[in-house]
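**Q** Just passing along the structure, written as structure tokens.
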Amino acid sequence: MSLAYLADLSQLLAEVFLEPDADLGDDLREVLAQLQAEGGSPELLAPLARMTGAGLDLAAQPVEYARLFRHALTTDTVHLFESAQARGHLMAPAVIGPLQAIYDEADIAVDEDLATPPDHLGLELACLSYLLGQVVEGDLADRATFVALAQRLLREHLEPFTAAVAEQLPQVAAQPYYLGAAELAVALVAEASKALVDL
């Protein structure tokens with residue numbers, strides 16, 4: 001699987017987890033068709049197909065997002081912040097410091113108007129998309145730096161983070177759309193890690 005496709009997929013997943021009211025159905029179908037044509041792995045294709053086939057209607061999607069990730073009424077909330085997953089509270093310095101170092105080294109600034117901590121899963125996936133894009137299209141002199149940053153982000157942050165979210169969602173009876181998104185994130189992390197090693 002090419003890094004360019006993985007970068008696009010990472011950006012799409014970033015939008016899934018950042019924008020609960022986004023209409024991504026056409027984008028998901030387009031990426032699914034591209035991955036099928038490219039011979040994508042079953043680990044990527046199966047959850048992507050599940051998301052595409054079980055997409056929530058646009059009125060139900062933000063309601064399900066809020067139930068799962070913001071304020072669950074009858075189940076545990078599945079936190080989309082790495083600090084909450086790893087340390088049990090927001091903005092944990094042990095998480096934010098190393099993550100911010102990756103952002104700084106890549107010269108990425110999180111938009112202050114966004115009012116979302118930098119360890120949100122969607123922002124980390126957007127960062128991965130940017131780093132993979134720089135590996136593919138950036139200056140060759142900087143390629144090794146971006147490979148190393150992407151590997152750090154994957155190994156130290158996204159690998160344990162996506163695994164935790166994917167493990168928790170079935171326990172709170174998540175709809176197939178978000179179950180598929182979490183499974184796809186885990187598969188994406190594995191594929192990107194492998195692709196970067198194979199460079």
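**Q** For PRO170, are the conditions met, namely being touching a residue at least 60 places away in the same chain (Cβ under 8 Å), open to solvent by 50 Å² or more (accessible area, probe 1.4 Å) and not hydroxyl-bearing (Ser, Thr, Tyr)? Can you show your working first?
**A** Working: touching a residue at least 60 places away in the same chain (Cβ under 8 Å): no; open to solvent by 50 Å² or more (accessible area, probe 1.4 Å): yes; not hydroxyl-bearing (Ser, Thr, Tyr): yes.
No; evaluated as a whole, the condition is false for this residue.
**Q** VAL165 passes all but one of (1) within 22 Å of THR52 (Cα to Cα); (2) open to solvent by 10 Å² or more (accessible area, probe 1.4 Å); (3) among the aliphatic types (A, V, I, L, M); which number fails?
**A** Answer for VAL165: the failing condition is (2).
**Q** More than 14 Å from ALA14 (Cα to Cα), without any contact (Cβ under 8 Å) to a residue 24 or more places away in the chain and open to solvent by less than 70 Å² (accessible area, probe 1.4 Å), is that true of ALA94?
**A** On the way: more than 14 Å from ALA14 (Cα to Cα): yes; without any contact (Cβ under 8 Å) to a residue 24 or more places away in the chain: yes; open to solvent by less than 70 Å² (accessible area, probe 1.4 Å): yes.
Answer is yes for this residue.
**Q** Further question on the same structure: Taking only the range 20-38 into account, find how many residues are open to solvent by 40 Å² or more (accessible area, probe 1.4 Å) and in contact (Cβ under 8 Å) with a residue 24 or more places away in the chain. So that I can check it myself, show each step before the final result.
**A** Here is the first cut: in the range 20-38, the ones open to solvent by 40 Å² or more (accessible area, probe 1.4 Å) are 21, 23, 26-27, 29-30, 33-34, 36-38.
Still in the running and in contact (Cβ under 8 Å) with a residue 24 or more places away in the chain: 21, 23, 34, 38.
Total satisfying the criteria: 4.
**Q** Right, next: Of the residues in the range 138-149, how many are part of a helix (DSSP H, G or I) and either without any contact (Cβ under 8 Å) to a residue 40 or more places away in the chain or crowded, with 21+ Cβ neighbours inside 10 Å (or both)? Please lay out each step first, then the result.
**A** So the first thing to find is which residues in the range 138-149 are part of a helix (DSSP H, G or I), and the list is 140-149.
Still in the running and either without any contact (Cβ under 8 Å) to a residue 40 or more places away in the chain or crowded, with 21+ Cβ neighbours inside 10 Å (or both): 140-144, 146, 148-149.
Result for the range 138-149: 8.
**Q** Just one of the numbered conditions (1) open to solvent by 10 Å² or more (accessible area, probe 1.4 Å); (2) within 21 Å of ALA49 (Cα to Cα); (3) modelled with pLDDT of 95 or more is not true of ARG152; which one?
**A** ARG152 satisfies all of (1) open to solvent by 10 Å² or more (accessible area, probe 1.4 Å); (2) within 21 Å of ALA49 (Cα to Cα); (3) modelled with pLDDT of 95 or more except (2).
**Q** Do the conditions hold for VAL63, that is, is it among the aliphatic types (A, V, I, L, M), more than 18 Å from ALA14 (Cα to Cα), assigned to a helix (DSSP H, G or I) and open to solvent by 40 Å² or more (accessible area, probe 1.4 Å)? If you could, list the steps in order and put the result at the bottom.
**A** On the way: among the aliphatic types (A, V, I, L, M): yes; more than 18 Å from ALA14 (Cα to Cα): yes; assigned to a helix (DSSP H, G or I): yes; open to solvent by 40 Å² or more (accessible area, probe 1.4 Å): yes.
For VAL63, the condition - among the aliphatic types (A, V, I, L, M), more than 18 Å from ALA14 (Cα to Cα), assigned to a helix (DSSP H, G or I) and open to solvent by 40 Å² or more (accessible area, probe 1.4 Å) - is met.
**Q** Could you check, for the range 69-87, whether at least one of its residues is open to solvent by less than 60 Å² (accessible area, probe 1.4 Å), closer than 16 Å to GLU19 by Cβ, among the hydroxyl-bearing types (Ser, Thr, Tyr) and within 19 Å of the chain's Cα centre (by Cα)?
**A** Taking every residue of the range 69-87 in turn, none turns out to be open to solvent by less than 60 Å² (accessible area, probe 1.4 Å), closer than 16 Å to GLU19 by Cβ, among the hydroxyl-bearing types (Ser, Thr, Tyr) and within 19 Å of the chain's Cα centre (by Cα).
**Q** Among the residues of the range 39-48, what is the count of those that are open to solvent by 70 Å² or more (accessible area, probe 1.4 Å) and farther than 15 Å from ALA192 by Cβ? Working first, answer last.
**A** If we filter the range 39-48 for residues that are open to solvent by 70 Å² or more (accessible area, probe 1.4 Å), which is where we start, we get 42-43.
Next, only the ones that are farther than 15 Å from ALA192 by Cβ stay: 42.
Qualifying residue count, the range 39-48: 1.
**Q** Still on this structure, please answer the following. Give LEU99, LEU128, LEU132, LEU114 a once-over and let me know the one that is over 26 Å from ALA173 (Cα atoms) and either without any contact (Cβ under 8 Å) to a residue 24 or more places away in the chain or more than 18 Å from the chain's Cα centre (by Cα) (or both).
**A** Values: LEU99 fails: either without any contact (Cβ under 8 Å) to a residue 24 or more places away in the chain or more than 18 Å from the chain's Cα centre (by Cα) (or both); LEU128 fails: either without any contact (Cβ under 8 Å) to a residue 24 or more places away in the chain or more than 18 Å from the chain's Cα centre (by Cα) (or both); LEU132 fails: either without any contact (Cβ under 8 Å) to a residue 24 or more places away in the chain or more than 18 Å from the chain's Cα centre (by Cα) (or both).
Unique residue meeting the criteria: LEU114.
**Q** Related question: Restricting attention to the range 1-18, and to residues there that are of a type outside the set (A, V, I, L, M) and at pLDDT below 95, which single residue is most open to solvent (accessible area, probe 1.4 Å)? Please lay out each step first, then the result.
**A** Step one: of the range 1-18, the residues of a type outside the set (A, V, I, L, M) are 2, 5, 8, 10-11, 15, 17.
If we keep only those that are at pLDDT below 95 too, we end up with 2, 5, 8.
Working: SER2: 39, TYR5: 66, ASP8: 87 Å².
My answer is ASP8.
The values are calculated or read from the model by the stated rules, or taken from the named source; none is laboratory data. Since we're looking at a predicted model, the values are computed, not measured. When we count neighbours, we look across all protein chains shown, and the Cβ atoms used for this are built from the backbone with ideal geometry, even at glycine. Side chains included, ligands, DNA and RNA excluded: accessible areas come from the protein's heavy atoms. Shrake-Rupley method; radii C 1.70, N 1.55, O 1.52, S 1.80 Å.
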